[in-house]
Amino acid sequence: MTPFDQFLSEHQRLTRRFFLSASAAGASLIAAWPRAARADERAPELAGAIGKLESFLTPLDKFRDVSRGKPLPHSLPQEKKTEVGLTRETWKLEVVSDTDKSVARLKKPMKKEDGTALDFNGLMQFAETHAVKFAKVMTCLNIGCPLGTGIWEGVPLREIIWRTQPVENLRRVFYYGYHNDDPGQMFRSSLPIGRVFEDPYDLPPVILCYKLNGQFLSSERGGPVRVVVPEAYGFKSIKWLSHIVLTNLAYANDTYIDGNNDVDSPLKTWAATLSVPREVAVNQPIPVTGYAQVGISGLSKVQVWICPKGKEPENDPNFTSAKWIDATILAPPNSGQWGGDLPENKIPPNTQGFDADGHPKTWPMRLSKVHWAELLPGMPAGEYTLRSRTVDEKGHAQPMPRPFRKSGHAAIEQVSLVVK
């Protein structure tokens, strides 16, 4: 038996798991999810790595920004923001029909010119009876790192559309935001009207969003109002919303079409590492942590595989024949540990997907991000490559079932480490 084969054999007998502080209530919650991490004080090396993980919800000042515009709309002087409607006091939303060639019949369009456009106070009146909140990871289609996870709050877009009293010839919703009064900078997106009017597969609704983690949207996050599409990549969640156009056209008009992107592709499930020692001593246990984006197909497993550099299986680009090892998906945070600048770090009442006590109804939660961890046993000296992947609820291993980059990042990450 080679040293590497011996390592794999030893791993099957490895009983180390990690230390997670949990109250009696938390312990009973963890027990409800057999894939979740369980407390075990025999792995202090891994407990230290877990203790350094970021919170489940992202603090507001830690969200990454990939805004478009020259200058960036959120960087405009306050006087200009007031002038163009980028403040809560001056924001207006028009909801109108498309051009003569694709008219959607509306009895009551909402226009600035006749004073019927929706303002922020009007939106808050809808919020009194229609407000919804849900957790979502915001991710760019073409980069491999989530921008942040938050509790997004808003009014379902359908409530506003119904106010225009559409009659017929309505197949799609086009929408765009403020981009410096320059048509060449317009960033737009679209959705089929059926997705706006209904919420298939227990998805949250498409919303006109005005709060993130309990606070009114900052200009950097797209305030005063943006669209948030729960199952979609970030380009569908247009910032600085100013116009909704109802159309009888049957095709998308998204700006991202110009980049040969799949503009109807929902979030994928995939994994990446967060902490990996780049150099370890011979036979020293290797603590590894990471995260998994839980896409539309859910998440059943996170797996890791460590391989001597250059010894990957031949003619197997997705490494399906590799000796993958199940990592452990960490349990959800206890009450008061969710982060994200929420009051007392607790999930707000009536957040979709959570019970009355702020516990997630399912775990891992779709459309969010979860953490995973594993303590690998010591290795012989050499150079290695560590990879991680997900297996979704349908049994598809990353990067399947949609391996193409234009429908969202899903490549299997590789991290180099040296044992000596």
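Residues in segment 242-286 that are among the charged types (D, E, K, R) and assigned to a helix (DSSP H, G or I): Asp258 only. Remark: pairs (first residue in segment 91-106, over 13 Å from Val173 (Cα atoms) and part of a loop (DSSP other than H, G, I, E, B); second residue among the aromatic types (Phe, Trp, Tyr) and open to solvent by less than 80 Å² (accessible area, probe 1.4 Å); Cβ separation under 6 Å; 6+ apart in sequence or on different chains) = Trp91/Phe120. Checked against (1) outside any loop (DSSP other than H, G, I, E, B); (2) surrounded by 16 or more Cβ atoms within 10 Å (Cβ to Cβ), Leu86 passes all but condition (1). Hey, does segment 371-379 have a residue that's among the hydrophobic types (A, V, I, L, M, F, W, C) and surrounded by fewer than 18 Cβ atoms within 10 Å (Cβ to Cβ)? Looking for residues that are among the hydrophobic types (A, V, I, L, M, F, W, C) and surrounded by fewer than 18 Cβ atoms within 10 Å (Cβ to Cβ), one finds none in segment 371-379, hence no. Only residues that are within 21 Å of Ala47 (Cβ to Cβ) and among the charged types (D, E, K, R) were counted in segment 312-368, giving 1. Across segment 338-370, the number of residues qualifying as in a loop (DSSP other than H, G, I, E, B) and farther than 19 Å from Ala292 by Cβ comes to 12. Filtering segment 180-204 to residues that are within 30 Å of Val84 (Cβ to Cβ), open to solvent by less than 50 Å² (accessible area, probe 1.4 Å) and part of a helix (DSSP H, G or I) leaves Gln185, Ile193, Arg195, Val196. Being out of contact with any Ser or Thr (no Cβ under 9 Å at 6 or more places or on another chain) and either surrounded by fewer than 23 Cβ atoms within 10 Å (Cβ to Cβ) or among the charged types (D, E, K, R) (or both): is that true of Ile160 here? When the stated conditions are applied, Ile160 passes them.
The values are calculated or read from the model by the stated rules, or taken from the named source; none is laboratory data. Just so we're clear, the structure is a prediction, and the values are computed from it rather than from any experiment. Positions of Cβ are backbone-derived with ideal geometry, glycine not excepted, and every protein chain shown enters the neighbour counts. Accessible surface is based on the protein model in full, side chains and every heavy atom, while ligands, DNA and RNA are left aside. Shrake-Rupley method; radii C 1.70, N 1.55, O 1.52, S 1.80 Å.
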